[in-house]
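Chemist: Here you go, one structure.
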Amino acid sequence: MPKIAIIGGGAAGLSTAMYTAELGFTNIVVFEAHHPAEGSSGRSAGIFNRQTNKVEELQMRAFTARELERVSTWSDFSLVRRGYVRVAKTAEQMTAYAQARELQDELGVPGELLDQAGLAALVPGMRVDDFVGGLYGPKDGHMDGHELCDAFRIRAVALGAKVRNRTRVTRAERVGGQVRLHGAGGADLGTFDIVVNAAGPSAPAVAEVLGVQQNVVNERHQICMVEFEDRPERRIPAVQTYVPGSGQESLWVRTEGTGSLLAGLHTQEIRSGGETIDPENFNLKIDPDYAEAIGEEILSRFEGWEDLRFSGGWSGLYPVSADGRFQIGPYRDRPDIVAVGGLGGVGLTNAPAAGRTAAEWIVHGEPTTFTFAAELVPDRPSLALGS
């Protein structure tokens with residue numbers, strides 16, 4: 001049986017371990033430099049939704065929704081189904097959402113197209129004069145990244161995989177047809193037939209260690225925590241005002257229990273012109289001017305919420321591909337190295353689909369669940385920045 005190393009103990013790495021083991025390759029070791037979900041998976045807002053006009057992602061998210069139900073059967077993981085609505089700002093965007101609804105129906109995904117009046121009724125107190133409608137998923141919501149990663153870990157370990165925390169891979173060498181990995185102080189971590197790079201924002205550095213290249217840009221995104229007086233009309237679904245492909249960065253909010261919410265600005269597109277952020281050295285807190293800007297955005301969008309109080313927040317990184325697509329699969333000249341990355345700000349939402357795709361490459365030598373997945377290999381020409 002092939003021996004598999006997975007570098008990265010976040011949602012992508014642990015889901016890859018789980019699905020690879022379920023497909024029959026159980027000789028797996030996951031190497032995590034810190035602790036599972038300590039990076040981007042645990043610093044996410046945890047929003048899960050299937051309201052998108054990106055066909056590939058909708059297919060992957062429909063798969064994820066089914067798998068999250070299964071994951072909850074052996075763990076404490078749960079999806080909080082408060083609903084999620086993505087707004088449309090133009091008639092063209094509504095047309096794209098209508099097309100997405102047709103595909104949702106084919107995939108068995110519940111959803112509803114809303115006009116401006118329907119949007120106002122769904123989210124009381126929200127100003128909708130600059131929106132034309134939205135796409136609403138009543139069974140979408142949010143999750144906890146630590147819970148999800150732990151659920152993947154439990155299943156993978158039960159099937160024979162091992163997880164080594166606080167084990168950073170620092171060097172790799174080819175020995176015959178295998179890869180020998182080393183850790184701190186030159187420690188021999190073992191020899192493997194396939195190595196998976198699922199290190200999230202650290203994937204470019206890990207790729208360099210492995211002798212390949214993974215081209216992602218790490219972008220810092222901030223999440224604000226806000227408290228307010230709890231009222232029934234404020235128990236709203238998650239609201240996303242960013243439209244995929246729009247080139248804009250826009251406000252999102254989601255409730256956290258009662259009397260509080262999380263908020264920030266979201267985009268899956270590169271804002272920095274290609275300048276990446278070091279995952280080992282960035283500000284984990286909230287910039288004061290950002291918190292002030294988010295407060296102004298919320299007050300502008302939600303009338304009568306003047307009692308909002310900023311109560312903290314955190315920052316995390318989105319690893320984004322130049323062409324906006326995920327990176328999943330082997331390198332053409334190094335089939336022993338498999339990448340699972342470039343998941344941007346939707347890593348939790350797509351983790352089961354990404355892990356399943358990587359596992360199929362490992363076990364079957366090709367992806368079988370998603371017909372388009374063969375295009376997601378990490379050395380495709382479109383990943384060159386500026387292409």
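The values are calculated or read from the model by the stated rules, or taken from the named source; none is laboratory data. Computed from a predicted structure; not experimentally measured. Because the Cβ atoms are built from the backbone with ideal geometry, glycine has one as well, and the counts that use them run over all protein chains shown. Calculation scope for accessible area: heavy atoms of the full protein, side chains included, ligands and nucleic acids excluded. Shrake-Rupley method; radii C 1.70, N 1.55, O 1.52, S 1.80 Å.
Chemist: Quick one: with all protein chains in place, what share of the accessible area of the stretch 116-218 is carbon or sulfur, to the nearest percent (1.4 Å probe)?
Modeler: 47
Chemist: For the stretch 133-142, in order, what is each residue's ³J(HN,Hα) by Karplus, 6.51 cos²θ - 1.76 cosθ + 1.60 with θ = phi - 60°, in whole Hz (x at glycine and Pro)?
Modeler: Result, rounded to whole Hz: x, x, 10, 10, x, x, 9, 8, x, 8.
Chemist: With n ≥ 4 as the cut-off for DSSP H runs, can you work out [θ] at 222 nm for the chain, using -39500 (n - 2.57) per run divided by the number of residues, rounded to the nearest 500? Please report the intermediate quantities before stating the final value.
Modeler: On the way: 8 runs with 107 residues, N = 387.
When only DSSP H runs of four or more count, the value is -9000 deg cm²/dmol.
Chemist: Of all the accessible heavy-atom surface of the stretch 241-387, with the other protein chains kept in place and a 1.4 Å probe, what percent is carbon and sulfur? Provide the component values of the computation, followed by the final result.
Modeler: Working: 3000 of 6070 Å².
The nonpolar share, carbon plus sulfur, comes to 49 percent.
Chemist: Under unit Cβ charges (Lys, Arg +1; Asp, Glu -1), what dipole magnitude, rounded to 20 debye, does the stretch 3-91 have relative to its Cα centre?
Modeler: It comes to approximately 480 debye.
Chemist: I've got another one for you. In Å², what does the accessible area per residue of the chain work out to with a 1.4 Å probe?
Modeler: Values: 15590 Å² over 387 residues.
Dividing the accessible area of the chain by its residue count gives 40 Å².
Chemist: Right, next: So if each residue of separation counts as 0.36 nm, and I subtract the Cα-Cα distance between residue 174 and residue 374, what length gain in nm does that give?
Modeler: Taking residue 174 through residue 374 to full extension adds about 69.4 nm, to one decimal.
Chemist: Extending each Cα 7 Å along its Cβ direction at residue 299 and residue 193, get the distance between those two points in nm, one decimal.
Modeler: Going from the residue 299 label point to the residue 193 one covers 6.2 nm.
Chemist: With a cut-off of 12 Å, note down the residues of the stretch 352-387 whose backbone N falls inside the zone around a label point 7 Å from the Cα of residue 334 toward its beta carbon.
Modeler: 378-379
Chemist: From the phi of every residue in the stretch 333-349, what ³J(HN,Hα) in whole Hz does the Karplus formula 6.51 cos²θ - 1.76 cosθ + 1.60 yield, where θ is phi - 60° and glycine or proline is x?
Modeler: Here the 3J(HN,Hα) series is 9, 9, x, 7, 10, 10, 9, 9, x, x, 7, x, x, 10, x, 5, 4 Hz.
Chemist: Something else now. Would you list the P(r) distribution for the stretch 249-387, with all Cα-Cα distances sorted into 5 Å bins from 0 and each bin expressed as a whole %?
Modeler: Going from the shortest bin to the longest, the percentages are 2, 8, 15, 17, 15, 13, 11, 9, 6, 4, 1, 0.
Chemist: Quick one: putting +1 on the C-beta of Lys and Arg, -1 on the C-beta of Asp and Glu, what dipole do you get for the chain around its Cα centre, in Debye to the nearest 20?
Modeler: So the dipole magnitude of the chain works out to roughly 1100 debye.
Chemist: Please report, in debye to the nearest 20, how large the charge dipole of the stretch 307-360 is about its Cα centre when each Lys and Arg carries +1 at its beta carbon and each Asp and Glu carries -1 there.
Modeler: 20
Chemist: Express the Stokes-Einstein translational diffusion coefficient of the chain in µm² s⁻¹, to the nearest whole number, given a Kirkwood radius over alpha-carbon pairs, 10 °C and a viscosity of 1.306 mPa s.
Modeler: For the chosen part, D equals 75 µm²/s.
Chemist: Could I ask something else about it? Counting only residues 5 or more places away or on other chains, whose amide H sits under 5 Å from the amide H of residue 338 once H atoms are built in the peptide plane?
Modeler: Amide H neighbours of residue 338: 195, 196, 197.
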